[in-house]
1. What order, most packed first, do the peptides A:124-132, B:432-440, B:37-45, A:154-162 have when packing is the mean number of other Cβ atoms within 10 Å of each residue?
2. What's the carbon and sulfur percent of the protein assembly as shown's accessible surface, probe 1.4 angstrom, rounded to a whole number?
3. Could you sort A:Thr260, B:Thr240, A:Thr213 by their accessible area in this structure, using a 1.4 Å probe and putting the largest first?
4. Which positions within the range A:40-80 get 10 Å² or more of their accessible surface covered by the other protein chains, compared to the chain by itself, with a 1.4 angstrom probe?
5. Can you find, among B:Leu419, B:Leu446, B:Ala459, the residue sitting farthest towards the positive end of the charge dipole of the range B:397-480, where Lys and Arg contribute +1 and Asp and Glu -1 at Cβ?
6. Can you compute 3J(HN,Hα) from phi for each residue in the range A:239-255, using the Karplus curve 6.51 cos²θ - 1.76 cosθ + 1.60 with θ = phi - 60°, rounded to whole Hz and x for Gly and Pro?
7. If you place +1 on the Cβ of every Lys and Arg, -1 on the Cβ of every Asp and Glu, and leave all else neutral, what size is the dipole of the range B:375-453 about its Cα centre, to the nearest 20 Debye?
8. To the nearest hundred square angstrom, how large is the accessible surface buried between A and B, total for both chains, probe 1.4 angstrom?
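The values are calculated or read from the model by the stated rules, or taken from the named source; none is laboratory data. Predicted model only: the values in this text are computed from it and were never measured. Glycine also receives a Cβ, built like all others from the backbone with ideal geometry; neighbour counts cover every protein chain displayed. Remember, those area values only see protein heavy atoms, side chains included, never the ligands or the DNA or RNA. Shrake-Rupley method; radii C 1.70, N 1.55, O 1.52, S 1.80 Å.
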Amino acid sequence: MRILNTTLFTILLLFISGCKEKPVVIPDFQVPKGERNILIEEFTGVQCVNCPNGAVIIEEMVAEFGDRIVPISIHHGFFAKPLPESKEDLNCHCGYGDAVTSLLGKGPIGYPAAVINRAKLGSKLFPNKDEWKSLVLNELKKTTPVNIFLKSEVDTINRSVTLDVTLAGSEAVDDLFITAVLLESDILDAQILPTGKHDENYNFQHVVRMPITDPAGEETPPLSKGEIRQLKGFKTFTIKDEWDIHHCSIALFVHHKNTTSEVLQALSQEL
Amino acid sequence: MKLTFSTTGQQIKKIAFLLIFFTFSHWAGYAQLTGGQLSGGLVNNTNFFVRDSSIGANNTPQYDQQLIGGESWLNLTYNTASVEAGIRFDLFQNSNLLDPQSSYSASGIGRWYAKYQYQRLKVSGGYLYDQIGSGIIFRAYEDRTQLIDNALYGVKAEYKIAPDWTFKAFSGKQKRLFDTYKTDIRGVNLEGFLLFDSIGSGLSIAPGIGVVNTTFDNKTMTDLVDVLTSYRPEDRVVPTYNSFATTLYNNLSWGGISWYFEWAHHSNNVLFDPFANRTLVSGAEVPGKIVKRPGDVLYSSLSYSRKGFGISLDLKKTANFEYRTHPLLPANEGFIGFIPPMGRINTYRLTARYSPATQFIGEQAVQIDARYKLDKHWSFNVNASNITNQNNDLLYRELYTEFTYKKRRRYQILGGVQLMEYNFAIYRGKPGYANVKSIVPYTEVLYKFSRSNSLRVEAQYMFTAQDEGQWAYTLWELGFAPHWLFEASIMYNVIGFGSPDNFNEDLKHHYEDKGRVLYPTLGAVYSAGSNRFSLRYVKQVAGVVCSGGICRYEPAFSGVKFNLSSTF
């Protein structure tokens with residue numbers, strides 16, 4: 001019995017003391033080289049106190065990664081209900097938020113929430129905002145089977161815009177859909193801040209104004225390797241008078257829809 | 001409807017176990033002759049969702065498309081003198097239990113286990129529930145109200161090294177729905193019991209010591225490194241694969257005095273502090289970052305009781321004890337331990353409306369509870385609690401008084417007042433919001449018409465000028481023992497007295513948003529032996545539901561709930 005007790009006590013001591021392990025190395029931050037741009041769809045709302053903290057992280061990525069980040073701010077759900085001092089309802093009520101949650105099969109539990117390339121990265125579809133940047137970094141390293149190019153012609157008098165889209169397949173791709181969304185930035189309106197105070201001139205970026213295509217995407221035939229497909233006059237649409245055409249941009253992306261909802265390539269272009 | 005098993009490999013293991021189990025079951029009829037016994041239970045919740053956008057019961061797949069959802073658990077246990085084996089089948093069909101705002105469908109073997117005892121040795125394998133001490137460094141448990149099932153999927157050995165001393169060791173991974181988290185968990189625990197007869201009054205102690213080790217897998221470490229790479233150098237910490245948590249505890253009993261004390265400590269671990277600021281490249285700061293700190297919990301519960309009188313004093317101090325299988329898991333996922341809650345566990349609808357969730361980063365709490373029975377008719381209870389964070393900012397304060405008057409075999413009247421202050425900004429994650437201060441008078445009357453027929457009436461009113469304002473609640477319950485119980489209740493958001501023009505800004509917004517809304521419930525319960533069936537029409541307000549200090553937001557519910565609970 002004494003031998004057993006001594007053995008157990010020794011094991012316990014070993015357990016408590018543990019052993020020194022070789023420390024892991026945290027590499028320096030570098031923007032990965034790759035050809036894939038990343039779509040970040042952020043669910044937000046003017047009544048969401050923590051959403052400005054999410055927006056700051058997205059703007060940081062835009063500053064660091066430039067055009068390789070395509071952010072879309074979706075004002076959607078309970079938190080997007082206008083404040084008494086709001087000048088307008090930033091929820092477009094255009095079916096875009098519903099289309100995204102429907103494609104994903106679920107919506108976010110809490111705000112701020114973002115889905116990156118409409119893919120379940122790591123263990124979650126809507127990762128913690130602290131993980132956004134690291135997940136984007138990993139996605140930036142990837143290649144893409146299809147590249148997209150956008151040319152927009154703007155008639156500033158009639159406020160009409162015509163889009164020409166070109167797809168270039170570096171691999172064969174099927175189950176291919178195209179989605180285009182009109183965004184507006186630098187909208188000054190009311191937002192609850194993390195301090196709880198209401199900022200009546202908060203600067204909103206990348207706000208969804210309207211889907212230019214079907215909000216769930218429009219199918220295009222499978223693309224073969226090396227194929228270049230030009231979609232001249234892909235869409236023509238009009239920008240409403242109340243939207244500032246100089247702060248509007250187009251987010252365009254190609255994605256799967258039936259097999260997965262993953263986004264393959266994205267770009268944004270100012271008008 | 002989608003029915004899935006988690007992985008093919010696991011499926012094979014489960015089928016293999018099923019074969020073994022049903023072989024055991026086949027023996028059951030024979031084994032009963034030699035002392036074996038088969039027992040079990042079935043629980044089913046079925047919800048019929050009726051969309052009601054006026055209370056926010058909408059915009060989920062259940063309200064919009066699916067209309068029906070629910071969950072079931074069927075467990076079977078086989079026992080002999082030395083062997084115990086159990087299996088549980090879990091079924092989720094469009095369930096809103098995992099995430100109240102989405103739909104979850106899956107089915108499979110939610111638990112299986114086998115235990116064997118040979119003399120002083122007891123070995124177990126499978127999905128195991130257990131804890132060390134009060135559970136601070138390790139608690140594998142199930143709470144179906146929030147779909148928490150933190151069973152340890154692994155093995156455990158217990159050995160009685162002396163009649164009152166047990167040593168146990170375990171190793172495995174924490175269960176996650178029909179899968180497991182990847183982090184390894186292992187631990188040892190030694191606990192015993194000593195009775196000092198010579199001192200008299202039955203002085204005894206029950207000391208214990210426990211150690212838990214966790215080891216991250218490569219994927220978890222890669223996730224952490226990726227996140228830390230994106231931090232500025234001054235915010236970075238270096239995570240370690242291994243972490244250790246230790247605990248020392250003792251329960252002393254002497255006469256009417258009982259004193260439980262526990263001190264738990266974890267090593268310099270990585271954890272996510274939602275309140276720590278991180279600096280972005282732009283120079284802006286955002287709250288929430290991975291930090292590396294040691295953590296501690298001190299917990300003490302001292303009580304004294306004698307005939308007709310009891311008093312207890314609970315103290316708890318927590319610092320950086322966020323101990324999870326993965327530091328970036330959200331909400332209530334992946335907790336390895338369980339820190340006992342300190343606020344009073346209230347049961348009435350309005351007194352329980354604001355409950356304090358356990359704070360893992362910093363919490364200092366004190367609670368005192370006194371009960372006095374004056375005579376065979378009158379008894380009193382007073383409970384006071386105060387919870388602050390590590391900076392001494394108030395999180396929760398409650399004074400709860402209760403009297404009971406009993407007239408034997410005829411009626412019982414219970415009543416009292418609750419005074420409460422609740423840090424809405426911290427508990428609901430809404431910085432800048434004012435603390436909710438409320439006064440809730442309440443009463444409950446139970447009248448027995450006969451030995452089997454009774455009426456129970458509850459009435460409560462919440463006075464407050466914060467959050468959603470004032471509430472009134474009443475419940476009427478008619479019982480015809482032993483089979484039937486009928487209930488009807490209403491909860492009404494009075495918001496505030498008088499005209500909305502006189503409301504404060506928050507209440508005005510709430511009034512404009514929702515107006516005064518009535519939430520009725522109507523139901524019937526039928527019991528027969530160990531079977532219980534209930535059918536209820538429910539309109540339930542959105543709120544935070546807490547269980548043992550673990551809380552989560554529950555959106556409003558509108559529809560019909562059926563519940564079946566059966567044991568055999």
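1. A:124-132, B:432-440, B:37-45, A:154-162
2. 57
3. A:Thr260, B:Thr240, A:Thr213
4. Buried on complex formation: A:Val49, A:Asn50, A:Asn53, A:Val56, A:Ile57, A:Glu60, A:Glu64, A:Phe78, A:Phe79.
5. B:Leu446
6. Couplings: 8, 5, 4, 6, 9, 7, 4, 6, 10, 8, 9, 10, 9, 10, 8, 10, 7 Hz.
7. Working: 12 positive and 6 negative charges, 143 e Å.
It comes to approximately 680 debye.
8. Summed over both sides, the interface buries about 4000 Å².
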